[in-house]
Ligand code: SF4
């Protein structure tokens, strides 16, 4: 844990999570987009990163964003770090588009594990958020699959002799393991093969957030409003700290949140750039 201790008249100590902020997969995707758009018009399919500030900076550089391939007006499109199904890639190729692929290697790993499980005869179950772009990419090529995120959804599954389970890379591993155990208990006759596809940066950030929350009186979680892993970090912090605020940037911080004294922890999702985390800390200093 890297500790920054700032003494104010009010004796507020600021701690940062040992691991937090942008992961290598998102950094690489942003770098690729910046590089490609220098030489040709580029459209990114979906949100490259769940952070409004970063998206605005990319738009300023000329990067366009579209959800549907049909709406793309440039010849070159980019797949985000969240990945895409082969079906989506083929659709884009058939439409005459040139693909730039920023899929994170750890998302590629999850795709490979699903394919292996299906080839070995397991019915695929993905523990993840319904409709999330990564989960859509993992399931779109499959003849059949189930996406679950609760015990109730597991209870509602049809019985199968063999279940092959993977997880969306940004799910908290504690939740994933608990749901796998529930699946085993719900279908005791079935063979359940679980491959842990939660990525290492997510695990590190979750563990660090837990440690931070146990030491803090108040936590600020910095990240985009629609960032799944930021919401998950906030959820983890709330298990150990009574006052947790999800902020998108320094302007969201309200002075009445800040304690007169004590410890304030800062953590951030994998889409959050360093300059935004620094700006949040600076704002806390000003308000304190
Ligand atoms: S959160 Fe994990 S899987 Fe997703 S881009 Fe970052 S490192 Fe890759």
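Couple of notes before you dig in:
- Of all positions in the stretch 50-64, at least one carries a residue that is within 19 Å of the chain's Cα centre (by Cα) and under 26 Å from residue 139 (Cα atoms).
- Residue in the stretch 60-72 that is surrounded by 13 or more Cβ atoms within 10 Å (Cβ to Cβ), under 27 Å from residue 199 (Cα atoms) and within 16 Å of the ligand (Cβ to nearest atom) present: no
- The stretch 194-212 - residue that is crowded, with 24+ Cβ neighbours inside 10 Å and in contact (Cβ under 8 Å) with a residue 40 or more places away in the chain and, of those, nearest to the ligand (Cβ to nearest atom): 199
- When residue 55 is tested against the conditions (1) without any contact (Cβ under 8 Å) to a residue 24 or more places away in the chain; (2) away from the ligand (no atom under 16 Å from the Cβ); (3) within 29 Å of residue 173 (Cα to Cα), the lone failure is (2).
- The set of residues in the stretch 101-130 being within 16 Å of residue 167 (Cβ to Cβ), surrounded by fewer than 17 Cβ atoms within 10 Å (Cβ to Cβ) and more than 14 Å from the ligand (Cβ to nearest atom) consists of 115, 116, 130.
- Matching residues in the stretch 46-91 - criterion: being in contact with a strand residue (DSSP E or B) (Cβ under 6 Å, 6 or more places away or on another chain) and either part of a helix (DSSP H, G or I) or under 30 Å from residue 276 (Cβ atoms) (or both): 63, 64, 65, 66, 72, 74, 76, 77, 78, 79
- Sub-8 Å Cβ pairs linking a first residue in the stretch 162-174 that is in the same structural domain as residue 270 (by TED's automatic domain parsing) and farther than 16 Å from residue 236 by Cβ to a second residue that is modelled with pLDDT of 95 or more and part of a strand (DSSP E or B), at least 6 apart or interchain, number zero.
- When residue 31 is tested against (1) more than 19 Å from residue 226 (Cα to Cα); (2) exposed (fewer than 14 other Cβ atoms within 10 Å of the Cβ); (3) more than 16 Å from the ligand (Cβ to nearest atom), just one condition goes unmet, and that condition is (3).
- Residues of the stretch 92-102 satisfying the condition of being farther than 16 Å from residue 58 by Cβ, in a loop (DSSP other than H, G, I, E, B) and in contact with a helix residue (DSSP H, G or I) (Cβ under 8 Å, 6 or more places away or on another chain): 95, 97
- Verdict on residue 181 being away from the ligand (no atom under 16 Å from the Cβ), part of a helix (DSSP H, G or I) and in contact (Cβ under 8 Å) with a residue 40 or more places away in the chain: no
- Of everything listed in (1) modelled with pLDDT under 95; (2) within 16 Å of the ligand (Cβ to nearest atom), the single unmet condition for residue 138 is (1).
- Every test in (1) surrounded by fewer than 21 Cβ atoms within 10 Å (Cβ to Cβ); (2) in contact with a helix residue (DSSP H, G or I) (Cβ under 7 Å, 6 or more places away or on another chain); (3) assigned by TED's automatic domain parsing to the domain that holds residue 167 is passed by residue 144 save one, and that test is (2).
- Residues in the stretch 164-175 that are touching a helix residue (DSSP H, G or I) at 6+ places or on another chain (Cβ under 6 Å) and either assigned to a loop (DSSP other than H, G, I, E, B) or more than 16 Å from the ligand (Cβ to nearest atom) (or both): 6 in all.
The values are calculated or read from the model by the stated rules, or taken from the named source; none is laboratory data. For clarity, every value in this text was computed on a predicted model and none was experimentally measured. With ideal geometry, Cβ positions are generated from the backbone for all residues, glycine too; neighbour counts draw on all protein chains shown.
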